[in-house]
Each structure stands twice: as structure tokens, then as C-alpha cells.
Amino acid sequence: MKSAVRFLLAVCVALATTQPAAAADLTRAEVQQLLAKADQQHPADLRRKDLKGVDLSHLDFRHADLWGADLRRADFNHSNLAGLTLDLTVMTGINLNGANLSRTSIFGVSLMHADLRGADLSGSRVVAIMDGANLSGANISGADWAADMKNQSMGLMRASLKGANLSGANLSQAKLGRAMLKHAKLMQANLRGADLYSADMDGADLSGADLTDANFSATKLHDAIFTGAVTDGARFDGAQHKPDFQ
């Protein structure tokens, strides 16, 4: 059975290709007015709003409800979305460069080829498709991006980062169990204490990465590159195709 995440992605793609072009529900100015009136008890209601292509950069959304909103091609450059629930939003082509996404929940979403350079995703819970996304220099420390083991009847729901750019990213203490990281670029990344149990890292480039105390148990590592990586205390129990230094 196909996973629910891939089903949701198919729905997003279908919407993107079958729906006629239309103006967004709100302009930047109207969103700013809603945010100015909002507080923790009365968040700005942006649920299911069409915000496609709107410039929402440098805004504070911490008192907003964006659940299920259409954010395709929207610009959230350096905006603050800390602590939000962004489950089932539509994010294809979104710009989150430098955005604060710490402690956010992003579940069942497509972030393929998204711009997340330098974004703060520390402490976040993400189960999404991020194939080809640019996360270079991002802070993913302490994040939980491990597979959702509670939805096995729907197929394995896991973070997919195939071909993603994570060079120079901080993934210290991050949980990436069973994540899809085929051909991911992790050069010079900080993976100290990260849990990559049973992840698929075939062809991943970990050149110069800090893998101190990382867990690669049962991980797929065919053709993975470890040139210059620091592996003190790293575990490779049961890994498929252990690196040459093991």
C-alpha cells in the first residue's frame, strides 16, 4: 500500500495541475492586519486560506492558524512560524529561507525543492517529502524526523530527503530513524549524537561531517562517502555496506 504521505503528495500535484489560476484569498496587507489583531487566545484565522505566491516575508505568524492553507510559491523568507502546526498545508515551491520553524509540526506535506537555507527547524516534528530541498546551513538540532510508527496500516510514513542539500546543517541529536536520505548531501554537517537507525543513506555524501556518537545501526550505506568524516563513537551495528574504516 502506498504511504499516506505519497497519497497526499499526489493530491497536491493534482490540485496544482488541474485548478485554474486565481488570485489569493488575502493580500500581504490583509494578512498583516489579521496578525496585528491576533494573540495567543485569538489567533489569526488563516486555515485553508489560499495564499499562493503572496509575499509574507519577515512577518511574525506565531499567533496564526495556517492549518491546511495553500502556501504554494509563497515567500516566508525570514518569517517567524515557531511552534505552529503546519500539517496538511500545501507548500510546493515555498520560500522558507532563514525562516524560524523551531518546534513546528509539518506532517503529510510536500516540500520538494523547497528553499530552507539557514532555516531554524530545531525541535521540529517533520514527516514530509523534502526531496531535492535546499537545507544547507539549517538548524535541525534535536528535531524528530523519524518515521511515524503509529500509522503502519497506512504504509510507512517517513521523512524523504532524497537528493536534499544538507551541507553544513546542524543535525546534532536529531532523530532520523528510517528516513530516506538517498544521495543526500551532508558535507561538513554536524550529526553528533544523531539517530539514523535503519535510514536509507545509499549514495549519501558525508564528507567532512562530524558523526561523533551517531547511530547508523541497520542503516543502508551503499556507495556512501565518508571522506574526512569524524566517526568517534559512531555505531554501525548491522549497517548494510559498512564504510571502509570499520
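When Ser172, Ser207 are checked against the criterion of being in contact with a strand residue (DSSP E or B) (Cβ under 6 Å, 6 or more places away or on another chain), over 16 Å from Ala133 (Cα atoms), surrounded by fewer than 20 Cβ atoms within 10 Å (Cβ to Cβ) and at pLDDT 95 or above, Ser207 stands alone in meeting it.
Reported count of residues in region 58-89, each being among the β-branched types (Val, Ile, Thr) and surrounded by 23 or more Cβ atoms within 10 Å (Cβ to Cβ), is 1.
Cβ-Cβ below 9 Å, separation at least six or inter-chain, first residue in region 35-47 and loosely packed, with under 10 Cβ neighbours inside 10 Å, second outside any strand (DSSP E or B) and of a type in the set (D, E, K, R): which pairs? As it stands, the answer is Gln40/Arg62, since those pairs meet every condition given.
Quick grid of which residues meet (1) in contact with a strand residue (DSSP E or B) (Cβ under 6 Å, 6 or more places away or on another chain); (2) modelled with pLDDT under 95; (3) surrounded by fewer than 21 Cβ atoms within 10 Å (Cβ to Cβ):
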position: Ser110; (1), (2), (3): yes, yes, no
position: Gly118; (1), (2), (3): no, no, yes
position: Ser124; (1), (2), (3): no, no, no
position: Asp144; (1), (2), (3): yes, no, yes
position: Asp148; (1), (2), (3): yes, yes, yes
position: Leu156; (1), (2), (3): no, yes, yes
position: Leu161; (1), (2), (3): no, no, no
position: Gly168; (1), (2), (3): no, no, yes
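Selection of region 105-125 for residues being among the polar types (S, T, N, Q), part of a loop (DSSP other than H, G, I, E, B) and under 10 Å from the mean Cα position of the chain (by Cα) yields only Ser124. The residue that is modelled with the lowest pLDDT, among those in region 82-104 that are β-branched (Val, Ile, Thr) and not in a loop (DSSP other than H, G, I, E, B), is Val90.
Considering region 172-199, the residues that are in a strand (DSSP E or B) and not aliphatic (A, V, I, L, M) include one that is nearest to Asp237 (Cα to Cα), namely Asp195. For region 40-87, a residue qualifies if it is touching a helix residue (DSSP H, G or I) at 6+ places or on another chain (Cβ under 7 Å) and of a type in the set (Val, Ile, Thr), and exactly one does: Val54.
The values are calculated or read from the model by the stated rules, or taken from the named source; none is laboratory data. The structure displayed is predicted, hence computed values, not measured ones. Note that we place each Cβ from the backbone using ideal geometry, even for glycine, and neighbour counts take in every protein chain shown.
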